[in-house]
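Below is one structure, written out as structure tokens; the observations come after it.
The values are calculated or read from the model by the stated rules, or taken from the named source; none is laboratory data. None of the values given here were measured: they were computed from a predicted structure. So basically every Cβ, Gly included, is an ideal-geometry build from the backbone, and we count neighbours across all protein chains shown. What goes into the accessible areas is simple: the full protein's heavy atoms, side chains included, and nothing from ligands, DNA or RNA. Shrake-Rupley method; radii C 1.70, N 1.55, O 1.52, S 1.80 Å.
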Amino acid sequence: MARFDLPLIINPIRGQTHVFDMNVVYMDTAVANSKGTVLLVHGVPGNFRMFEGIARPMVERGYRVVIPHFPGFSGTHFVDGRDERLFHHTTENKSMFLSTFIDRLDLHREIVLIVAHSAGTYPTMHYITTSAKINSAAKNKALVLLNPTVHRPFRALPNPFLLAFLTTCWKQPALRTVVEGILHRLASYLKIRYDNIDLLAIAVMTAVKINFEQINQCVTALRVSDWQILTTISENDQYIESHLSHDFLRILGVDPHHILRYDNHLQLQSTGYRRDLTTNRRALVFSHGCHFSHQQHPSVVALEILKMLPTK
């Protein structure tokens with residue numbers, strides 16, 4: 001998998017007027033004559049390394065894998081540094097980023113699967129439910145949601161108003177050092193993994209900008225769509241309560257007969273899973289997997305993902 005740089009102009013979303021000029025760093029296997037393209041969308045914080053365990057089997061079977069990095073991550077940056085303070089990291093901002101990236105590489109007709117993790121599921125769901133282009137052109141409408149951030153406020157958002165205040169202060173250079181110290185202590189308390197404090201600040205900014213009404217609309221739209229969807233959740237997710245994840249599955253339309261449950265020893269539990277029933281909504285539920293089930297159990301997750309890829 002090689003690194004590529006792509007100049008990209010992101011047009012303003014509704015209610016904004018600023019155009020963002022950026023350089024996007026993305027990873028690409030660049031397979032010639034591939035069977036199709038798999039787009040992997042990371043969470044925040046996150047990068048391409050989080051997908052290594054599940055990407056390898058796809059590459060070995062002849063699929064092209066493309067992983068764009070969101071602004072602020074793994075080298076993706078704004079040409080004008082001042083744009084950093086204007087890009088709000090909302091679901092719509094990042095959905096526009098994905099849409100523009102896919103347009104720029106002309107991937108619509110090549111995509112056979114989209115895989116998104118954590119906060120990356122929000123812009124991915126928004127893009128799929130609002131883009132007529134991907135819905136009409138995609139070879140194979142298949143989506144994987146890995147430990148999705150859900151449709152209601154969750155435990156990693158202890159005080160949205162405080163977090164919003166901190167991210168506003170973080171954008172001011174004179175206050176950044178103080179805010180970084182507070183964010184570091186908050187991350188330690190919540191056991192949040194991050195590479196550096198700037199990425200943590202972007203993660204917090206992303207969280208406080210969540211529009212849960214909008215997310216519920218996206219999930220409801222996916223429920224009645226013709227997309228094949230696989231979702232993974234963990235009972236011991238440190239960021240999202242188990243009952244919220246299960247409620248997310250219910251709203252998405254996952255029948256209990258189409259949930260595979262794994263115990264602490266990764267043994268499949270007998271729960272009435274019906275392989276004889278045809279469905280395009282399935283889920284994997286792990287007793288242990290934390291917020292990174294695909295990294296904790298890559299072989300199990302990869303096997304189920306491969307079943308969603310076209311056979312020809």
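May I ask you to list the residues in the range 26-44 that are open to solvent by 10 Å² or more (accessible area, probe 1.4 Å) and assigned to a strand (DSSP E or B)?
Our first condition is that a residue be open to solvent by 10 Å² or more (accessible area, probe 1.4 Å); within the range 26-44, this holds for 26-27, 29-35, 44.
Correct list: TYR26, MET27.
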Would it be correct to say that ILE9 is touching a residue at least 12 places away in the same chain (Cβ under 8 Å), surrounded by fewer than 19 Cβ atoms within 10 Å (Cβ to Cβ) and not in a loop (DSSP other than H, G, I, E, B)?
-> yes
In the range 3-21, anything hydrophobic (A, V, I, L, M, F, W, C) and more than 18 Å from ASP106 (Cα to Cα) is listed as ILE13, VAL19, PHE20
Taking first residues from the range 64-90 that are closer than 18 Å to THR168 by Cα and second residues anywhere that are among the aliphatic types (A, V, I, L, M) and at pLDDT below 90, the pairs with Cβ under 7 Å that are 6 or more apart or on different chains are GLY72/LEU199; GLY72/ILE202; HIS89/ILE202; HIS89/MET205
The condition from (1) farther than 22 Å from LEU166 by Cβ; (2) in a loop (DSSP other than H, G, I, E, B) that ILE67 misses is numbered (2)
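Taking the options PHE51, PHE70, PHE78, PHE87, name whichever one is at negative phi, touching a helix residue (DSSP H, G or I) at 6+ places or on another chain (Cβ under 8 Å) and at pLDDT below 90.
Values: PHE51 fails: at pLDDT below 90; PHE70 fails: at pLDDT below 90; PHE78 fails: at pLDDT below 90.
That would be PHE87, the only listed residue that is at negative phi, touching a helix residue (DSSP H, G or I) at 6+ places or on another chain (Cβ under 8 Å) and at pLDDT below 90.
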Being crowded, with 17+ Cβ neighbours inside 10 Å and in contact with an Asp or Glu (Cβ under 9 Å, 6 or more places away or on another chain) narrows ASN47, ASN23 down to just ASN47
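Residues checked against (1) of a type outside the set (A, V, I, L, M, F, W, C); (2) over 19 Å from GLN214 (Cα atoms):
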| site | (1), (2) |
| --- | --- |
| ARG82 | yes, yes |
| THR91 | yes, no |
| PHE97 | no, no |
| THR100 | yes, yes |
| LEU105 | no, yes |
| ILE114 | no, yes |
| SER118 | yes, no |
| ILE128 | no, no |
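Do the conditions hold for ASP263, that is, is it farther than 30 Å from GLU92 by Cβ and surrounded by fewer than 15 Cβ atoms within 10 Å (Cβ to Cβ)? Don't jump to the end; show me each part of the working.
Working: farther than 30 Å from GLU92 by Cβ: yes; surrounded by fewer than 15 Cβ atoms within 10 Å (Cβ to Cβ): yes.
Taking the combined requirement at face value, the residue satisfies it.
If you take the residues of the range 96-117 that are part of a helix (DSSP H, G or I) and open to solvent by 10 Å² or more (accessible area, probe 1.4 Å), which of them is farthest from GLY15 (Cα to Cα)?
Initial filter on the range 96-117 (part of a helix (DSSP H, G or I)): 96-105.
With the extra rule that they be open to solvent by 10 Å² or more (accessible area, probe 1.4 Å), the set shrinks to 96, 99-100, 103-105.
Details: MET96: 13, SER99: 18, THR100: 18, ASP103: 22, ARG104: 24, LEU105: 27 Å.
So, considering only residues that are part of a helix (DSSP H, G or I) and open to solvent by 10 Å² or more (accessible area, probe 1.4 Å), the one farthest from GLY15 (Cα to Cα) is LEU105.
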From the option list VAL59, VAL65, single residue qualifying as out of contact with any Cys (no Cβ under 8 Å at 6 or more places or on another chain), closer than 14 Å to LEU113 by Cα and open to solvent by 10 Å² or more (accessible area, probe 1.4 Å) is VAL59
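Filter the range 129-171 down to the residues that are in a loop (DSSP other than H, G, I, E, B) and open to solvent by 90 Å² or more (accessible area, probe 1.4 Å), then identify the one that is nearest to GLN296 (Cα to Cα).
First, pick out the residues of the range 129-171 that are in a loop (DSSP other than H, G, I, E, B): 131, 138-141, 147-159, 171.
When the remaining residues are screened for being open to solvent by 90 Å² or more (accessible area, probe 1.4 Å), the result is 139, 152, 155.
Numbers: LYS139: 30, ARG152: 25, ARG155: 21 Å.
It comes out as ARG155.
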Out of (1) buried (at least 17 other Cβ atoms within 10 Å of the Cβ); (2) within 24 Å of HIS294 (Cβ to Cβ); (3) of a type outside the set (Asp, Glu), the one ASN93 does not meet is (2)
Scanning the range 185-213 for residues that are surrounded by fewer than 17 Cβ atoms within 10 Å (Cβ to Cβ) and modelled with pLDDT of 80 or more, the one nearest to PHE154 (Cα to Cα) turns out to be PHE212
